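Chemist: Below: one structure in structure tokens.
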Amino acid sequence: MEEKQQPSGGLHFVGKKDELIKAKRSFRTLEGRDILIIYHQGVFYAIDCYCYHAGGTLLNGDIEDINGKLCIICPKHKYKITLAEGEGLYRARNPKENPPVLRWYSKGVKQRVHTVTETNGEVFVKLTTIPNWIESDYYQGEKGKVERDKA
Ligand code: FES
């Protein structure tokens, strides 16, 4: 799909709302960055397409509610990433607890997510640039591209 650039604000037109809803998941390349636009339970999300762990594509990852947060599960090694924030979640036992109980913890933001807006039935994505570096950025660059192609 050809990218229609808005004149200001770094907004990229990514599609008509009804088409994106029907597709549920749409791949787009914006400013050389590969992202997924996901429509799930009435909400649009935009997230880097390649998993921060080893560059697996998230395109066909299942979506699950984990600890009250919607997560995409990377098909490659099953890492869990929150759709709204890009947080990596993991489950572990705290040995200081007696008895230790399995709980979900956050590794912090690992996957870059982007801002989605809708205007008059058209959907736009603004790429985020803060913070400067997040793990998923690696798989958008040249070195990461080579590694993800090998994966
Ligand atoms: Fe996604 Fe390993 S590449 S979990």
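The values are calculated or read from the model by the stated rules, or taken from the named source; none is laboratory data. Because the structure is predicted, anything quoted here is derived from the model rather than measured. Cβ atoms come from the backbone with ideal geometry, glycine included; neighbour counts cover every protein chain shown. All accessible areas refer to the heavy atoms of the entire protein, side chains included, with ligands and DNA or RNA removed. Shrake-Rupley method; radii C 1.70, N 1.55, O 1.52, S 1.80 Å.
Chemist: Could you please state how large a percent of the accessible area of region 4-150 is carbon and sulfur, counting protein chains only and using a 1.4 Å probe? Can you show the working numbers first?
Modeler: On the way: 4130 of 8270 Å².
Accessible surface attributable to carbon and sulfur in region 4-150 totals 50 percent.
Chemist: Sort 45-56, 75-86, 91-102 by packing, meaning the average of other beta carbons within 10 Å per residue, with the highest value first.
Modeler: Details: 45-56: 23.5, 75-86: 18.5, 91-102: 8.8.
In descending order of packing, they fall as 45-56, 75-86, 91-102.
Chemist: What Cys residues in the chain are without a partner cysteine, judged by a Cβ distance under 4.7 Å?
Modeler: If one checks each Cβ against the other cysteines of the chain, C49, C71 turn up with nothing under 4.7 Å.
Chemist: Going through the cross-link list K16/K143; K22/K126; K110/K145; K76/K110; K110/K150; K17/K143, which pairs have a Cα-Cα distance over 28 Å in this structure?
Modeler: Working: K16/K143 33 Å; K22/K126 21 Å; K110/K145 17 Å; K76/K110 16 Å; K110/K150 21 Å; K17/K143 34 Å.
Over 28 Å Cα-Cα: K16/K143; K17/K143.
Chemist: Percent of alpha carbon pairs in the chain separated by more than 18 Å? Don't jump to the answer; show the numbers that get you there.
Modeler: On the way: 6600 of 11325 pairs.
Distances greater than 18 Å cover 58 percent of the Cα pairs.
Chemist: Give the accessible surface of the chain per residue, rounded to a whole number of Å², with probe radius 1.4 Å and ligands, DNA and RNA excluded. It would help to have the intermediate numbers written out before the result.
Modeler: Working: 8700 Å² over 151 residues.
On a per-residue basis, the chain sits at 58 Å².
Chemist: Another question about this same structure. Quick check on the chain: helices-only [θ] at 222 nm, where DSSP H runs of length 4 and up contribute -39,500 (n - 2.57) each and the sum goes over total residues. Nearest 500, please.
Modeler: Values: 2 runs with 16 residues, N = 151.
Per the formula, -3000 deg cm²/dmol.
Chemist: Right, here's the next one. Answer with one residue from G108, I134, T57: the one whose Cα lies farthest towards the positive end of the charge dipole of the chain, charges on Cβ with Lys, Arg +1 and Asp, Glu -1.
Modeler: Selected residue: G108.
Chemist: In debye, nearest 20, what is the charge dipole magnitude of region 4-150 about its Cα centre with +1 on Lys and Arg Cβ and -1 on Asp and Glu Cβ, if you could check? Mind showing how you got there, number by number?
Modeler: Values: 24 positive and 18 negative charges, 72 e Å.
Here region 4-150 has a charge dipole of around 340 debye.
Chemist: How many angstrom lie between the C-alpha centres of region 16-88 and region 120-147?
Modeler: So the separation of the two Cα centres works out to 12 Å.
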